[in-house]
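S.K.: The following block contains the structure, expressed as structure tokens.
The values are calculated or read from the model by the stated rules, or taken from the named source; none is laboratory data. Because the structure is predicted, anything quoted here is derived from the model rather than measured. So basically every Cβ, Gly included, is an ideal-geometry build from the backbone, and we count neighbours across all protein chains shown. Just so you know, the surface numbers come from the protein's heavy atoms only, side chains and all, with ligands and any DNA or RNA stripped out. Shrake-Rupley method; radii C 1.70, N 1.55, O 1.52, S 1.80 Å.
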Number of protein chains: 2
Amino acid sequence: MLSKKTKYGIKALTYICGHKSDGPIPIATIAEAENISHKFLETILLTLRKGGILASKKGKGGGYYLLKDPNEVFMSDIIRLLSGPIAMVPCVSLNFYEKCDDCPDENTCGINRLMLEVRDSTLKVLKAKSLAQLTLESSK
Amino acid sequence: MLSKKTKYGIKALTYICGHKSDGPIPIATIAEAENISHKFLETILLTLRKGGILASKKGKGGGYYLLKDPNEVFMSDIIRLLSGPIAMVPCVSLNFYEKCDDCPDENTCGINRLMLEVRDSTLKVLKAKSLAQLTLESSK
DNA sequence: TGCATTCCCTACTATTTCGATAGGGTTAAT
DNA sequence: ATTAACCCTATCGAAATAGTAGGGAATGCA
């Protein structure tokens, strides 16, 4: 299941993307519009900024804005930043690989192969959807 | 991420499937072979029995055995039993549907549509792999 | 300069989930 | 009767998740 952190993050990004002509958007505006606790959202946006997707402007008139072209921000990037690995077992993760402690040999592990397939098919979907696309669909 | 419960469950099923000519397999045998805590495995097998995949025989010489044809037990069934929904948001779950508390309208929700696609592609993979197939691959 | 606005950052807390254990009860073979 | 095996519920500790607290720093404007 998607964590609320991730879900809120996606919603916030969608909001920012849909209002990007307004200049920097304050946390408070997003929090109110999307019904997210201000403080919780603050930590989420911080993560997205450190992850290079958002940038911020301090002080009066400040807020958050997109650092990257929304056509180049993919759902897989966002989810990885906020939830970590997309794979269902660490031993098939591309970005967070780790050996499974309970598995003697990956090459003969049926779970490994199955989850590799799952990862690939999931990634195919998540990489094919950009923030720009999602934003468009959400405003319909 | 797959929980250990699910992972252990799959491993246990694979073991039982690979030794089904031996008659009922005691928990202790599986626990030792797959390096799983006996007691923990006990609760997992109980779930699988209640879910209709396994059956058990009590008393001396007892143990667990497959109730269904391993060609008819799919990975999606096992994972649903042990981990719950396959979908990443409740509002696109086929077997565990629930309205997202924070989403005003599913029809205009971009996350909903995206996660629907993810669910479909994941399910396609998980439904295509039966316990029999996994068991074969694991023994290679 | 002073003040309001807004982000920055760390730490903390409450709740839930996960992994595992405990322990006694029931069933069946010999 | 004894022993091997499953049955079932409760509980516990650790980790993850969701959310809170609170002060600090930068910026814009009067």
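S.K.: What's the number of the condition A:L126 fails, among (1) buried (at least 19 other Cβ atoms within 10 Å of the Cβ); (2) over 14 Å from A:A12 (Cβ atoms); (3) without any contact (Cβ under 8 Å) to a residue 40 or more places away in the chain; (4) not small (G, A, S)?
M.R.: With respect to (1) buried (at least 19 other Cβ atoms within 10 Å of the Cβ); (2) over 14 Å from A:A12 (Cβ atoms); (3) without any contact (Cβ under 8 Å) to a residue 40 or more places away in the chain; (4) not small (G, A, S), A:L126 is out only on (3).
S.K.: Could you list all residues from the stretch A:52-83 that are within 12 Å of DNA strand C (Cβ to nearest atom) and closer than 24 Å to A:L94 by Cα? If you could, list the steps in order and put the result at the bottom.
M.R.: Here is the first cut: in the stretch A:52-83, the residues within 12 Å of DNA strand C (Cβ to nearest atom) are A:54-65, A:67.
A:L54 - this is the single residue of the stretch A:52-83 that is within 12 Å of DNA strand C (Cβ to nearest atom) and closer than 24 Å to A:L94 by Cα.
Results for (1) in contact with a strand residue (DSSP E or B) (Cβ under 9 Å, 6 or more places away or on another chain); (2) within 7 Å of chain A (Cβ to nearest Cβ), shown as yes or no for each residue.
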position	(1), (2)
B:D77	no, no
B:L81	no, no
B:G84	no, no
B:T108	no, yes
B:L114	no, yes
B:D120	no, no
B:K129	yes, yes
B:A132	no, no
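S.K.: Kindly establish whether A:E42 is within 16 Å of DNA strand D (Cβ to nearest atom), away from chain B (no Cβ under 14 Å) and of a type in the set (D, E). Even if it seems obvious, please write down each step before you answer.
M.R.: Working: within 16 Å of DNA strand D (Cβ to nearest atom): yes; away from chain B (no Cβ under 14 Å): yes; of a type in the set (D, E): yes.
It is true that A:E42 is within 16 Å of DNA strand D (Cβ to nearest atom), away from chain B (no Cβ under 14 Å) and of a type in the set (D, E).
S.K.: Counting only residues that are in contact (Cβ under 8 Å) with a residue 40 or more places away in the chain and within 11 Å of another protein chain (Cβ to nearest Cβ), how many does the stretch B:10-19 have?
M.R.: 5
S.K.: Continuing with this model, one more query. Is one or more of the residues making up the stretch B:51-70 of a type outside the set (D, E, K, R), in contact (Cβ under 8 Å) with a residue 60 or more places away in the chain, open to solvent by 60 Å² or more (accessible area, probe 1.4 Å) and more than 11 Å from every other protein chain (Cβ to nearest Cβ)?
M.R.: Within the stretch B:51-70 (the criterion being of a type outside the set (D, E, K, R), in contact (Cβ under 8 Å) with a residue 60 or more places away in the chain, open to solvent by 60 Å² or more (accessible area, probe 1.4 Å) and more than 11 Å from every other protein chain (Cβ to nearest Cβ)), the answer is no, since none of the residues qualifies.
S.K.: Ok, one more. Name the residue, out of A:G9, A:G62, A:G18, A:G51, that is more than 7 Å from DNA strand D (Cβ to nearest atom), at pLDDT 95 or above, over 11 Å from the mean Cα position of the chain (by Cα) and not hydroxyl-bearing (S, T, Y).
M.R.: From the options A:G9, A:G62, A:G18, A:G51, the qualifying one is A:G18.
S.K.: Sticking with this structure for a sec: Select, from B:I44, B:I25, the only residue that is touching a residue at least 24 places away in the same chain (Cβ under 8 Å), under 13 Å from the mean Cα position of the chain (by Cα) and open to solvent by less than 50 Å² (accessible area, probe 1.4 Å).
M.R.: Answer to the selection: B:I44.
S.K.: If you go through the stretch A:93-110 one residue at a time, do you hit one that is among the charged types (D, E, K, R), within 13 Å of DNA strand D (Cβ to nearest atom) and either surrounded by 16 or more Cβ atoms within 10 Å (Cβ to Cβ) or within 19 Å of the chain's Cα centre (by Cα) (or both)?
M.R.: Checked against the condition, which is being among the charged types (D, E, K, R), within 13 Å of DNA strand D (Cβ to nearest atom) and either surrounded by 16 or more Cβ atoms within 10 Å (Cβ to Cβ) or within 19 Å of the chain's Cα centre (by Cα) (or both), the stretch A:93-110 yields no hits at all.
S.K.: Checking B:N112 against (1) in a helix (DSSP H, G or I); (2) within 20 Å of B:S3 (Cα to Cα): exactly one of these is not met. Which one?
M.R.: Failing condition for B:N112: (2).
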